[in-house]
Amino acid sequence: MTKQTMNFQAEVAQLLHLVTHSLYSNKEIFLRELISNASDACDKLRFEAINNSGLYENDPELKVKVTFDKDAKTLTITDNGIGLSQQEAIDNLGTIAKSGTKDFVSKLSGDQKADSQLIGQFGVGFYSGFIVADKITVESRRAGLPADQAVRWVSDGGASGGGAFEVESITREARGTSVILHLRDDAQDYAQAWKVKGIINKYSDHISLPIQMEKEEWKDGELINPSDENGGRQPGAMVKTGEWETVNKANAIWARAKKDISPEQYDDFYKQISHDFEAPLAHTHNRVEGSTEYTQLLYIPGKAPMDLYNREKSAGVKLYVKRVFIMDDAEALLPTYLRFVKGVVDSVDLPLNVSRELLQESRDVKAIREGNTKRVLSMLETLAKHDKLPEAGADGVTDVVSEEDKAQVGKYSKFYAEFGAVLKEGLGEDFANKERLAKLLRFASSTTDSVSVSLADYKARMKEGQEAIYYITADNAAAAKNSPQLEVFKKKGIEVLLMTDRVDEWALNYLHDFDGTPMQSVAKGAVDLGKLQDEAEKKAAEEAAEAFKPLLAKLKEALKDKAQDVRVTTRLVDSPACLVVQDDGMSTQLARMLKQAGQ
Ligand code: ADP
Ligand code: MG
């Protein structure tokens, strides 16, 4: 292949512009991204080599080397992983193959802080090199291909205005990839060992293969004039020794003992796998032994990704088998409603060549999924328990709260605001854990503005004689609060839960009762207030029904195509009339949703 100039896909050009302008304050992430790509490339080689050991050629020790050249102003990341063929270089480094990219780019606002959050989540990956480089050269040979079918890819990231890159054939003996960053003038720091080492320690310590740098040692300058020992020496410098040292711990964080891992290291690992800049809300790390053996390290993020509601995407758990990376987004390891969880599962029992299809059927996977679900739910329960500081008890005494518990205050509310709606999907998806899930739900109510009322709180506040948990579904809290259907409840001082998530209607189909108390929509049928209604009220209602019979007959006739029934009600206080749904009918909210969906 002779040298060719090609254009980036439009989204890449746009992304590149944003990367270089928005990630300024998070410059150093480029190294994390490039090392993570190098590590992915080694994982891929190891995986392909399971069925084709020839791919190792004569170089079976997978590693990443980071080198710099102060004079040439370059920083180079080299791996001996799977490498790129010429076509792969064009495809993978010129387009963004991931789905949802356009969507992502369109969400960027130009506001630096918000954008860098989004970009971080999305994972700019390779293109982040342009934060510190004004030109990137990639040289690569794919495992198994002859030396003369290697490729060189060069781009200035669109700085020249063309939005273009060049590719050409080269000869390269070494398998794998070198990414050569030609550092910008303001990024010369990254051509210094201490700086680079620091970033590797911070972000890439857990990478399970060695990351090596060439050792340097101090060398005094030459004596120019031996008789004048102090003044006659040239300045000294660090010089390379030709010896390599491994600068990361090169051992997977989840395989280490908990006591050897600091909170920062847990957080850093999360940031690495999630591309999130913020620390997670909680994590759980366990080695599970028994009939199925595995290690789980799972995190609850503090922020929802933008594609959270896409049920097809964004399972966040990586699967390893005995430390060998098998796949990203292993959706079989957690139920769909927990797709916001990020982390790693490392199984002892699964075969290395396990496929997605096999995963669906495996008993071990089923056990792992159940174990993961339990752990995530108990993490959430712990967060929920410490969400608020305890109030003084009846005796006026407040429990002493540990610093650790104090640090958890507000986390569950934060979680719920981001992921509550997704959690509710579990009511219809995970019957085995329905009760635990129901306890984790939070709602706004007619007497509380924030989304903070649990079903247990509600029960504790129920009126004498109240036999149901009342709720109303609506598009938003204002509409729910002002609904005429609430009037009688307001009058009697009965709390009503306000359900305003789109998923509520559907989810509540699966939640008929909580802890023995039925859930009752106030918008359905003739609301039976049961013992809450006094005799006089009942009598008045009956009398009114009798007195208005002739009017009801006329109204029924007039509305016969529009309403199934017309009745006298006690549920209204100020409004003259309201629409309700038959007890067994679809609720108005659900009907509206189906209509919107074109059904
Ligand atoms: P991601 O890693 O999320 O796929 P990146 O932008 O980081 O996205 O990388 C884009 C693609 O470029 C990768 O999916 C991979 O195919 C290819 N790539 C990048 N770096 C390397 C490398 N060191 N070796 C082989 N392929 C690489
Ligand atoms: Mg990447």
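Here are a few things to note about the model shown:
- Exposure proxy for V345, V397, V167: other Cβ atoms within 10 Å of each Cβ, ordered fewest to most, give V397, V167, V345.
- Residue-span extension gain [E370 to K406] - 0.36 nm each, minus C-alpha spacing: 9.9 nm
- Whole-Å distance, taken between Cα centres, linking the range 313-379 and the range 476-521: 36 Å
- Viscosity 1.567 mPa s, 4 °C: Kirkwood-radius Stokes-Einstein D of the range 234-375 over Cα pairs, µm²/s: 78 µm²/s
- E222 paired with E61, simple spin-label distance in nm, labels 7 Å along Cα-to-beta-carbon: 3.5 nm
- Cα shape, the range 391-507, gyration tensor, a/c 1.5 rule: oblate
- When you count the other C-beta atoms within 10 angstrom of each residue and take the mean per peptide, 295-305, 402-412, 492-502 line up highest first as 295-305, 492-502, 402-412.
- By average C-beta atoms within 10 angstrom, highest first, the peptides 50-57, 332-339, 147-154, 181-188: 332-339, 147-154, 181-188, 50-57
- For the residue pairs K44/K195; K73/K215; K459/K490, alpha carbon separations beyond 21 Å are given by K44/K195.
- E88 paired with W194, simple spin-label distance in nm, labels 7 Å along Cα-to-beta-carbon: 3.9 nm
- Cα-based shape type of the range 1-71, given that a ≥ b ≥ c are square roots of the gyration tensor eigenvalues and the cut on a/c is 1.5: prolate
- Taking the range 320-452 and dividing mean pair separation by its residue count, relative contact order in percent (alpha carbons under 8 Å, at least six apart): 22 percent
- Dividing the alpha-carbon radius of gyration of the range 354-395 by the rule-of-thumb value 2.2 N^0.38 Å gives 2.01.
- Under Karplus coefficients 6.51, -1.76 and 1.60, residue-wise ³J(HN,Hα) of the range 211-218 in Hz, glycine/proline x: 10, 10, 10, 6, 5, 10, 9, 6
- The range 383-393 - phi-based ³J(HN,Hα) in whole Hz, Karplus 6.51/-1.76/1.60, Gly and Pro as x: 4, 5, 5, 9, 4, 10, 6, x, 8, 4, x
- Percent of Cα-Cα distances greater than 15 Å, calculated over the range 135-191: 55 percent
- Shape class for the range 308-405: prolate, because the ratio a/c of the largest to smallest gyration tensor axis (alpha-carbon atoms, square roots of eigenvalues) is 1.5 or more and a/b beats b/c.
- Per the Cα gyration tensor, the range 324-463 maps to an equivalent ellipsoid with semi-axes of 36, 18, 12 Å, ordered largest to smallest.
- Convex hull of alpha carbon positions in the range 201-279: directionally averaged projected area 8.4 nm².
Values quoted throughout were computed directly from the atomic coordinates according to the rules given, and no laboratory measurement underlies them. The structure presented is a predicted model; accordingly, all values stated were derived computationally and were not measured. Quick reminder, even Gly has a Cβ in these numbers, built from the backbone with ideal geometry, and neighbours come from all protein chains shown.
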